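Down below is the structure, laid out as structure tokens.
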Amino acid sequence: MPLPVARRTILASLCALLLAAAPAAAQGDAPVVAAASDLQFAVEEIAAAFAEETGMQVRLSTGSTGNFARQIREGAPFEIFMAADEDFIADLHADGFTRDAGDLYAIGRLVIMAPRGGALTPDPALDTLAAMLAAGDIARFAVANPDHAPYGMRAREALITRGLWDDLQPFMVLGENVSQAAQFALSGNAEGGIIAWSLALAPQVARQGRFELIDEDWHEPLRQRMALLNDAGPVAEAFYAFMLQPEAREIMARYGFILPE
């Protein structure tokens, strides 16, 4: 849904003022946005809409929230961090790496997904997974690595709630992030996996498999927060502001994210 003319004009004017105040060198370098991998498809659309609206570009780097947080502490030159778990933003802010506490931009959901034509039929209660596991019919099952990926952490919580985590350990395939877990789940070498709803809704993923939402009460909420890092420039500031505008929010909603007020 396009922005109203008045709002587009205000945003364009803000961007022009920000760019006018920026050093020439900063204008020539597109800022890097570190985005959690569940945002892969949504943030690509948003960045394209931002470029069309403002004429400005950002560079996207998608991956594990935990890995990005470590890289930021080591001096990685990101200007915006869009985390899949707000605790990482809180920790970085407490240690002086972000300008402020940032903004909650979305709440994510988990799904169980399996390749089309496979033996595993996704269901919200994971009953088919439990039955196949008991029958010895699971060879591989994919989740993101819970040591540093929030979607892996929440998948572990859901599987613990269902009483399947321990029994699944011998068959677990861990993705470096939830996007890689989705690749593993749909590769044909695994019966399925637990991934982000936002990825499952992307046409290029949805056509490969079947999925069902997992009860959100089975795990802590995936409260996703973003923040500007201390060295963020005017283009990063403009993109950050754009993320909170109706056009970006509509794209996020289309990918299944629950939007804060």
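The values are calculated or read from the model by the stated rules, or taken from the named source; none is laboratory data. These numbers come from a predicted model, not from an experiment. When we count neighbours, we look across all protein chains shown, and the Cβ atoms used for this are built from the backbone with ideal geometry, even at glycine.
The figures follow:
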item	result
Residues of region 143-183 classified as more than 18 Å from ALA114 (Cα to Cα), of a type in the set (A, V, I, L, M) and in a helix (DSSP H, G or I), total	2
Set ALA101, ALA106, ALA142: member being under 14 Å from the mean Cα position of the chain (by Cα) and surrounded by 13 or more Cβ atoms within 10 Å (Cβ to Cβ)	ALA106
Strands (runs of 3 or more DSSP E) within region 184-261 that include 3 or more residues crowded, with 22+ Cβ neighbours inside 10 Å and in contact with a strand residue (DSSP E or B) (Cβ under 8 Å, 6 or more places away or on another chain)	192-196, 222-228
Meets criteria (modelled with pLDDT under 95, more than 16 Å from ALA34 (Cα to Cα) and part of a loop (DSSP other than H, G, I, E, B)) for GLY136	no
Per-region count, region 153-183, residues within 18 Å of SER37 (Cα to Cα) and surrounded by fewer than 24 Cβ atoms within 10 Å (Cβ to Cβ)	8
Members of region 117-133 found to be in a loop (DSSP other than H, G, I, E, B) and either over 30 Å from ASP87 (Cβ atoms) or charged (D, E, K, R) (or both), listed by number	GLY117, GLY118, ALA119, LEU120, THR121, ASP123
Test: ALA94 is in the same structural domain as ALA236 (by TED's automatic domain parsing), in contact with a His (Cβ under 6 Å, 6 or more places away or on another chain) and more than 17 Å from GLY192 (Cα to Cα)	no
Test: residue in region 52-73 that is over 21 Å from LEU222 (Cβ atoms), part of a helix (DSSP H, G or I) and either within 12 Å of the chain's Cα centre (by Cα) or small (Gly, Ala, Ser) (or both)	no
Per-region count, region 74-98, residues in a loop (DSSP other than H, G, I, E, B) and surrounded by fewer than 16 Cβ atoms within 10 Å (Cβ to Cβ)	5
Contacts under 6 angstrom Cβ, first residue in region 142-171 being assigned by TED's automatic domain parsing to the domain that holds MET132, partner assigned to a loop (DSSP other than H, G, I, E, B) and among the β-branched types (Val, Ile, Thr), 6 or more apart	ALA158/ILE214; PHE171/ILE138
Test: ARG254 is under 30 Å from ASP95 (Cα atoms) and among the basic types (Lys, Arg)	no
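Listed here are the residues, each with its yes/no results for (1) under 25 Å from TYR255 (Cβ atoms); (2) hydrophobic (A, V, I, L, M, F, W, C); (3) in contact with a Lys or Arg (Cβ under 6 Å, 6 or more places away or on another chain).
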site: MET113; (1), (2), (3): yes, yes, no
site: PRO124; (1), (2), (3): yes, no, no
site: ALA135; (1), (2), (3): no, yes, no
site: PRO146; (1), (2), (3): yes, no, yes
